[in-house]
Amino acid sequence: MKRSYSVAVVGATGAVGTEMVRVLEEREFPVAELRPLASARSAGTEVRFRGDEVRVRELTDRSFEGIDIALFSAGGSVSARFAPAAAGAGAVVVDNTSHFRMEPDVPLVVPEVNPHAIAGYKARGIIANPNCSTIQMVVALKPLHDRARIRRVVVSTYQAVSGTGKRAIEELECQSRELLSFREPTCQVYPHQIAFNCLPQIDVFLPNGYTKEEMKMVNETKKIFEDDSVRVTATTVRVPVFYGHSEAVNVELEEKLTAQEARELLEDAPGVVVVDDPAESLYPLAVDAAGKDPVYVGRIREDESVENGLNLWVVADNVRKGAALNAVQIAEILIREYL
Ligand code: NAP
Ligand code: 3JM
């Protein structure tokens, strides 16, 4: 382990990249040089890091000279084009896009679930960060799977607009103002009005009728658990919330777990905070999870319609644990154990 590392953040001006820089600072990641990269549009602007203004540079093939770790969150096509260049220049890439996630020689990692998989980074020099909705779900499911084996998961999501990026955050704000002033809403990012609405489409539709986001949850969960026998089906929905994804998760287990046993397992699970006091109307809320690190779990109850079923309500900050924090946690393990 070196004393400090040169870290590139690709997409540093975006919703995820901004949070990455903040998380690196908050967690006192040993950064020797921070190199914020973005498109020509925002080259020359500045990001704040540890009290300094650091100039954003335009991403090019030569951006990675001297870089130890490159955190990518500028979209799949940018990763496809530049992550191999970064790895070729000697950096270890932690990629936040879906581009490499399902490639067999690229580890897909959630530190609370499968940190051992990081060892596989040597094959390509790339580690993939899962989708935000997958990350928070598998953190909550891991202790249940270890104890009672999950057979099947049925999940419905309620996803915040920040998962789409900074333009979508502005769109929800703008449409809310327009509608409350009796004006027509302007739709630029989503195919329909998102303010005061729910859209059962996240990412593009696939030939099987599911969206790509739904199939990310199915396929990524199996890969992270290293278990293709776990059956998953998902409905992913965009809701007019700024930060924090919520998920209604129905689980069928091989063995019986009471709600109380599940609650105790979750209370001891790394990265999980149980908020579950119905008598006081206490359960996880997106507005409470925003800006926080844990995955919050509540509404823990037995599914009385099947033999070994449980229902959970799982909430986390999609930009932090769902993206930036998970990526920095991976980088922390990398430097502690591998670099
Ligand atoms: P965003 O707010 O729209 O930011 C996009 C960032 O990418 C900006 O910094 C932008 O720079 C940069 N960028 C765009 N095109 C570029 C190009 N051709 N070359 C260099 N930089 C470019 O989006 P976001 O929410 O931060 O998400 C960014 C990506 O992260 C997504 O596309 C997705 O793949 C991934 N993501 C992953 C998760 C997860 O679950 N792990 C969650 C959310 C997002 P400019 O300022 O120059 O435009
Ligand atoms: C979250 O490539 C793109 O345009 C980005 C699409 C995107 C993704 C993705 O597929 O990488 C937007 C928001 C994700 C994700 O984490 O899967």
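All of the numbers you see were taken from the coordinates with simple rules; none came from a lab. Predicted model, so just to flag it, every value in this text is computed and none were measured. All Cβ positions, even for glycine, are placed from backbone atoms using ideal geometry, and neighbour counts span all protein chains on display.
Overview of values
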| quantity | calculated |
| --- | --- |
| Verdict on residue 31 being away from ligand 2 (no atom under 16 Å from the Cβ), crowded, with 17+ Cβ neighbours inside 10 Å and closer than 25 Å to residue 223 by Cβ | no |
| Test: residue in the range 323-331 that is within 15 Å of residue 132 (Cα to Cα) and away from ligand 1 (no atom under 16 Å from the Cβ) | no |
| Residue match in the range 326-334 (condition: under 24 Å from residue 152 (Cβ atoms) and either part of a loop (DSSP other than H, G, I, E, B) or touching a Lys or Arg at 6+ places or on another chain (Cβ under 9 Å) (or both)) | no |
| Positions within the range 302-322 being assigned to a loop (DSSP other than H, G, I, E, B) and within 12 Å of ligand 1 (Cβ to nearest atom), in sequence order | 317, 318, 319 |
| Residues of the range 210-236 classified as under 19 Å from residue 190 (Cα atoms) and either within 16 Å of ligand 1 (Cβ to nearest atom) or out of contact with any strand residue (DSSP E or B) (no Cβ under 8 Å at 6 or more places or on another chain) (or both), total | 5 |
| Of all residues making up the range 164-202, the number that are part of a loop (DSSP other than H, G, I, E, B), touching a residue at least 24 places away in the same chain (Cβ under 8 Å) and within 16 Å of ligand 2 (Cβ to nearest atom) | 6 |
| Residue satisfying condition, being more than 19 Å from residue 320 (Cβ to Cβ), within 16 Å of ligand 2 (Cβ to nearest atom), surrounded by fewer than 21 Cβ atoms within 10 Å (Cβ to Cβ) and among the small types (Gly, Ala, Ser), within set 51, 75, 66 | 75 |
| Residue list for the range 266-301, filter: in contact with a strand residue (DSSP E or B) (Cβ under 9 Å, 6 or more places away or on another chain) and part of a helix (DSSP H, G or I) | 266, 267, 278, 286, 288, 289 |
| Pairs with Cβ under 7 Å, 6+ apart, first in the range 112-135 and near ligand 2 (Cβ under 10 Å from one of its atoms), second polar (S, T, N, Q) and in a helix (DSSP H, G or I) | 129/326; 134/221; 135/326 |
| The range 1-28: number of residues that are part of a loop (DSSP other than H, G, I, E, B), more than 16 Å from ligand 2 (Cβ to nearest atom) and among the hydroxyl-bearing types (Ser, Thr, Tyr) | 1 |
| Given (1) crowded, with 21+ Cβ neighbours inside 10 Å; (2) within 30 Å of residue 26 (Cα to Cα), number of the condition residue 273 does not satisfy | (1) |
| Residues of the range 219-229 that turn out to be surrounded by 19 or more Cβ atoms within 10 Å (Cβ to Cβ) and either away from ligand 2 (no atom under 16 Å from the Cβ) or without any contact (Cβ under 8 Å) to a residue 40 or more places away in the chain (or both), as a count | 1 |
| Meets criteria (surrounded by fewer than 17 Cβ atoms within 10 Å (Cβ to Cβ) and not in a loop (DSSP other than H, G, I, E, B)) for residue 248 | yes |
